[in-house]
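Below is one structure, written out as structure tokens, with a few remarks after it.
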Amino acid sequence: MEFYTYVNIFETKGLEYLLLMSFFALFIFLVRYLSGAGKKTSVHEEKR
Amino acid sequence: MNTIAVVTSEFDRVIKFFWQELKPRGKWLTPFNVISIPIILIGLVILYFRFVYGIGSVTNLNQYYPLGIWIGFDVVTGVALAGGAYVITFVVYVMRMDKYHSIVRVTVLNGLLAYIFYAGALTLDLGRPWHIVNPIIGNSFGYNSVLFLVSWHFLLYMLTMALEFSPVVAEWAQLEKARKFLAGLTLAAVIFGITLSILHQSGLGALFLMAKPKIHPLWYSEFIPVMFFVSSIYAGLSMIIFEGTISHKIFKDLLGGQNHRHYEEIVLGLGKGAAITMFVYYFFQALIFIHEKRWQLIADAWGYWYLVEIIGFVLVPCFMYAYAVRNRNLGIIKVASVLALLGIVLNRLNVTVIAYRWYDVNKYYPSWEEIVVTLMVVFTEIWIFRWIVTRMPVLGKRQ
């Protein structure tokens, strides 16, 4: 017989919440990573 | 009498102008022409048999497989790839990011032609194509069906994009007053077009909500409409990068110096948008995967195929875009755009064809006639695109 347990993150939505939290954390990281672009010189300038 | 003479001479001028413009330009014996002309001619012959002897005479479609590659590739994939038009017009006219203004015309043209040809290919797939007008004229239509919404949206969005592109045609025909008037309507057309696009991009996904027992559970979820919409954003952006790369090589004579200078910044900006959207799309997929408890589905061939699509053609190009934007590497961005486009094709074909009735032993495979007609549709669109670009002020200047 299956029974419900609050500590099982598969039965509760714990895993989904964890995924969402990691999404927001990684999203901030991604945007900051992409915003750091442009510090290098452009491709055309490098060629010159 | 004088008025009649003026009208006649003006009419003669317009006829001569159009006749001159219709004449072919450039070299005829190019690799593209050599490949595309025979395919278009064979495709026309196949279409003759399709309309005279019925759809079953040239396709492998049947009652169990009503959707083949004409729907799966031409319509469902083609419309996703045309998503760049609503994304770019939103960015330029609503968010006022003028950096991308130079690619609005070519993107809208691309979107308009994609809708005319790919959505128009829907006519080929209807058993009784003359019934296509039913949702429009109100004859026996199911007003609460998704297809009703999609068909009206296709029609309205094609008219909207034609309106968005009309100032270019007026400029080409040297009708300055008409150009000013049509340009004044652009913002309203853009807002209307964005609304339509969001709804019918997701509406195409919603069409498959009613096929739950037939689509493999890894590709089916009640969030298909959301996924179709989100993926259409990066599909459109990737298509602009891909198409822009080719246009830059083939139509380099038509590009102004300013476009060359801004090209790099534009591609980097598009790549950045695509990276963020793909990241969001990937997490949506992961969330659905966990929410639907799909762990047990991943351990067979279908599961591996799903991972190929999600990791190989979503996550990998997402990282490639991010890395390339950060390091200003246009080469990697171009490769990422191709991978992202392949991922979209794969996803749409999985939903409509490959994972559709996945449990059947006798699966549907497209006939050679279906493949030739699909190629014919693509090549014809490229021919029209080339004709317009080399004549109208789309990329920068008229030839």
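The values are calculated or read from the model by the stated rules, or taken from the named source; none is laboratory data. Since the model is a prediction, treat every value here as computed from it, not as a measurement. Cβ atoms come from the backbone with ideal geometry, glycine included; neighbour counts cover every protein chain shown.
Based on this model, can you work out whether B:Val150 counts as at pLDDT 85 or above, out of contact with any helix residue (DSSP H, G or I) (no Cβ under 9 Å at 6 or more places or on another chain) and either over 25 Å from B:Met210 (Cβ atoms) or part of a helix (DSSP H, G or I) (or both)? Taking the combined requirement at face value, the residue does not satisfy it.
B:Val280: within 14 Å of chain A (Cβ to nearest Cβ) and either within 20 Å of the chain's Cα centre (by Cα) or over 13 Å from B:Ser238 (Cβ atoms) (or both), yes or no? Break it down stepwise before answering.
Values: within 14 Å of chain A (Cβ to nearest Cβ): yes; either within 20 Å of the chain's Cα centre (by Cα) or over 13 Å from B:Ser238 (Cβ atoms) (or both): yes.
Answer is yes for this residue.
Does B:Leu315 fit the bill of being more than 14 Å from B:Tyr234 (Cα to Cα), within 14 Å of chain A (Cβ to nearest Cβ) and in contact with a helix residue (DSSP H, G or I) (Cβ under 8 Å, 6 or more places away or on another chain)?
Values: more than 14 Å from B:Tyr234 (Cα to Cα): no; within 14 Å of chain A (Cβ to nearest Cβ): yes; in contact with a helix residue (DSSP H, G or I) (Cβ under 8 Å, 6 or more places away or on another chain): yes.
When the stated conditions are applied, B:Leu315 does not pass them.
With the condition kept exactly as written, say whether any residue in region B:79-89 is in a helix (DSSP H, G or I), touching a residue at least 40 places away in the same chain (Cβ under 8 Å) and surrounded by fewer than 19 Cβ atoms within 10 Å (Cβ to Cβ). No. Would you check if there is a residue in region B:239-250 being within 14 Å of another protein chain (Cβ to nearest Cβ) and within 17 Å of B:Leu315 (Cα to Cα)? Checked against the condition, which is being within 14 Å of another protein chain (Cβ to nearest Cβ) and within 17 Å of B:Leu315 (Cα to Cα), region B:239-250 yields no hits at all. The lone criterion from (1) within 14 Å of chain A (Cβ to nearest Cβ); (2) surrounded by 19 or more Cβ atoms within 10 Å (Cβ to Cβ); (3) charged (D, E, K, R) left unmet by B:Glu292 is number (2).
Out of B:Ser232, B:Ser221, report the one residue that is surrounded by 15 or more Cβ atoms within 10 Å (Cβ to Cβ), not in a helix (DSSP H, G or I) and not aromatic (Phe, Trp, Tyr). Going through B:Ser232, B:Ser221 in turn, the sole match is B:Ser221.
Which ones in region B:291-317 are hydroxyl-bearing (Ser, Thr, Tyr) and touching a Ser or Thr at 6+ places or on another chain (Cβ under 7 Å)? Working first, answer last.
Filtering region B:291-317 down to residues hydroxyl-bearing (Ser, Thr, Tyr) leaves B:304, B:306.
Matches in region B:291-317: none.
Which residue out of B:Leu113, B:Leu41, B:Leu29 is under 28 Å from B:Trp387 (Cα atoms) and in contact (Cβ under 8 Å) with a residue 24 or more places away in the chain? Quick ask: steps written out before the conclusion?
Working: B:Leu41 fails: in contact (Cβ under 8 Å) with a residue 24 or more places away in the chain; B:Leu29 fails: in contact (Cβ under 8 Å) with a residue 24 or more places away in the chain.
Of B:Leu113, B:Leu41, B:Leu29, the one residue that is under 28 Å from B:Trp387 (Cα atoms) and in contact (Cβ under 8 Å) with a residue 24 or more places away in the chain is B:Leu113.
All conditions but one from (1) touching a Gly at 6+ places or on another chain (Cβ under 8 Å); (2) touching a residue at least 60 places away in the same chain (Cβ under 8 Å); (3) surrounded by fewer than 20 Cβ atoms within 10 Å (Cβ to Cβ) apply to B:Val226; the one that does not is (2). Output the residues belonging to region B:316-360 that are in contact (Cβ under 8 Å) with a residue 40 or more places away in the chain, more than 18 Å from B:Trp70 (Cα to Cα) and in a loop (DSSP other than H, G, I, E, B). Of everything in region B:316-360, those that are in contact (Cβ under 8 Å) with a residue 40 or more places away in the chain, more than 18 Å from B:Trp70 (Cα to Cα) and in a loop (DSSP other than H, G, I, E, B) turn out to be B:Arg328, B:Trp358, B:Asp360.
Screening B:Ala299 on (1) without any contact (Cβ under 8 Å) to a residue 40 or more places away in the chain; (2) small (Gly, Ala, Ser); (3) within 10 Å of another protein chain (Cβ to nearest Cβ) shows it passes everything except condition (3). Only residues that are buried (at least 19 other Cβ atoms within 10 Å of the Cβ), within 25 Å of B:His216 (Cα to Cα) and of a type in the set (Asp, Glu) were counted across region B:358-390, and they come to 1.
Looking for something in a loop (DSSP other than H, G, I, E, B) and either within 28 Å of the chain's Cα centre (by Cα) or more than 30 Å from B:Ile250 (Cα to Cα) (or both) - is there at least one such residue anywhere in region B:11-23?
Filtering region B:11-23 down to residues in a loop (DSSP other than H, G, I, E, B) leaves B:23.
Next, only the ones that are either within 28 Å of the chain's Cα centre (by Cα) or more than 30 Å from B:Ile250 (Cα to Cα) (or both) stay: B:23.
Taking every residue of region B:11-23 in turn, at least one turns out to be in a loop (DSSP other than H, G, I, E, B) and either within 28 Å of the chain's Cα centre (by Cα) or more than 30 Å from B:Ile250 (Cα to Cα) (or both).
Evaluation of A:Phe29 against the conditions (1) within 22 Å of B:Ile276 (Cβ to Cβ); (2) at pLDDT below 85; (3) more than 9 Å from chain B (Cβ to nearest Cβ) shows that the sole unmet condition is (2).
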